[in-house]
Amino acid sequence: YDYGMQLAKRGYVAICPDCRGFGERRDEALQKGTDEKSFLTSTCFHLAHMAEPLGETVAGMCTWDASRLIDYVYERGEWDTEDLGVMGFSGGGMQTLWVSALDDRVKKCIISGYLYGYRDALLLLNGNCSCNYVPHLWEHFDMGDIASLIAPRPLAVQSCRDDHLNGPRGLVNVTEQMDIVQKAYSLYGKEEYPLHDVREGDHCWHEEVLDIALPRL
Ligand SMILES: [Zn+2]
């Protein structure tokens, strides 16, 4: 997916960082020589295995990294930080969720393929990558509660109807969380958010959200 390119074509400065465990930040031990396939796979699962016994999480590390990237954007001082947005799909959606919730410098965001209830999507489905998990988090908060911290800043969420990661109840596990987020926006009188772009298909990115959401964020 070239959504960084798509944003640049729409006039944005798009920064596409390598997340820990991906690209140049992969674990060397899992690279089989010059095998191209292993260049394209991630090693976040292995990062998470080392992080958890140390009391760390990959989600936390990635959020920290994203905030440092925003520091860099501010230090450059040449771009409009009043219009600073974050977007991502799947694991990128996870990072978007966390950094937008925790860093007020994010002024707007698009989360694609990553907003659903923890119980169905991350406990009943236990085949997800370990980088999603924060110990004991689900006992206190759900994903909708975390996304509520983004209010009243403009937020768009994209979901696919048959995304297997939504869990066994499908889109219901998404709309329940969206209802939680909607209530938080209502407290601010911002009923127009969050935008929810529902598409057909399994776990995939749909570029149309850029045309639909960007003019309204
Ligand atoms: Zn992962």
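The values are calculated or read from the model by the stated rules, or taken from the named source; none is laboratory data. Values in this document were obtained by computation on a predicted structure and should not be read as measured data. Heads up, the Cβs are rebuilt from the backbone with ideal geometry, glycines too, and the neighbour counts pull from every protein chain shown. Just the protein is used for accessible areas: all its heavy atoms, side chains included, with ligands, DNA and RNA removed. Shrake-Rupley method; radii C 1.70, N 1.55, O 1.52, S 1.80 Å.
Annotations for the structure displayed:
- Rounded to the nearest 20, the size of the Cβ-charge dipole of the range 25-141 about its Cα centre is 300 debye, with Lys and Arg at +1 and Asp and Glu at -1.
- Protein accessible area in the chain, 1.4 Å probe - carbon and sulfur %: 55
- Probe 1.4 Å, protein heavy atoms only - accessible area per residue of the range 1-113 in square angstrom: 58
- The three principal axes of the Cα atoms in the range 168-217 give end-to-end lengths of 33, 30, 9 Å, sorted in falling order.
- Direction-averaged projected area, Cα convex hull, the range 49-120: 5.8 nm², rounded to one decimal.
- For the chain, the dipole from Cβ point charges (+1 on Lys and Arg, -1 on Asp and Glu) about the Cα centre works out to 80 debye, to the nearest 20.
- Check: the range 131-176 dipole with +1 on Lys, Arg Cβ and -1 on Asp, Glu Cβ, in debye: 160
- Remark: the Cα gyration tensor places the chain in the rounded category, a/c being less than 1.5.
- Overall form of the range 61-184: prolate. Here a/c, set by the Cα gyration tensor axes a ≥ b ≥ c, is 1.5 or more, and a/b is the larger of a/b and b/c.
- Converting phi to 3J(HN,Hα) with the Karplus coefficients 6.51, -1.76 and 1.60 and the offset θ = phi - 60°, the range 195-204 yields 5, 10, 9, 9, 10, 7, x, 8, 6, 8 Hz in sequence order, with x at every glycine or proline.
- Applying a DSSP loop filter and a limit of 16 other Cβ atoms within 10 Å to the GluC sites (Glu not before Pro) in the range 107-192 leaves 191, 192.
- For the residues 66, 101, 29, a GNM of the chain with alpha-carbon springs under 10 Å puts the largest fluctuation on 29.
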